[in-house]
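Following: one structure in structure tokens, then a few remarks.
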């Protein structure tokens with residue numbers, strides 16, 4: 001990451017995303033289980049699962065980047081993961097509790113952002129001094 005402020009920001013965001021993933025998972029398991037069908041509950045579960053995966057990835061990446069191993073590509077990796085979680089998980093959460101099926105056409109954009117984050121993370125880790 002390019003500076004301590006970036007690292008701190010992304011560590012905090014990762015923690016918030018992780019905590020919210022736990023809340024979402026618990027809400028799905030206990031609050032929604034009897035209110036929505038299995039297909040919709042599956043959307044909710046997938047959203048919470050991917051949110052947690054990427055919160056943990058960002059947490060580990062930002063914490064590891066404190067050693068100065070990542071640069072601007074690392075910042076963009078975290079930004080891509082945040083956007084990906086917002087779009088991918090966000091559209092699935094909304095689809096789980098509504099009949100807005102057209103959001104299914106937007107969900108893959110979030111998936112692409114998540115994948116892009118992994119690519120940027122790889123670039124960042126492999127870059128000399130982390131600055132790219």
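The values are calculated or read from the model by the stated rules, or taken from the named source; none is laboratory data. Quick caveat: nothing in here was measured; it's all calculated off a predicted structure. Neighbour counts run over all protein chains shown; Cβ positions are idealised from the backbone, glycine included.
With respect to residue 40, determine if the residue is free of Cβ contacts under 8 Å to residues at least 40 places away in the same chain, under 20 Å from residue 92 (Cα atoms), more than 14 Å from the chain's Cα centre (by Cα) and in a helix (DSSP H, G or I). Before the answer, list the steps.
On the way: free of Cβ contacts under 8 Å to residues at least 40 places away in the same chain: no; under 20 Å from residue 92 (Cα atoms): yes; more than 14 Å from the chain's Cα centre (by Cα): yes; in a helix (DSSP H, G or I): yes.
Here the answer is no, as residue 40 does not meet what is asked.
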Of the residues 56, 92, only one is buried (at least 21 other Cβ atoms within 10 Å of the Cβ), modelled with pLDDT of 95 or more, under 14 Å from the mean Cα position of the chain (by Cα) and closer than 22 Å to residue 28 by Cβ; which? 92
Out of all the residues in region 95-114, which are surrounded by fewer than 18 Cβ atoms within 10 Å (Cβ to Cβ), part of a helix (DSSP H, G or I) and without any contact (Cβ under 8 Å) to a residue 24 or more places away in the chain? 101, 102, 103, 104, 105, 108, 109
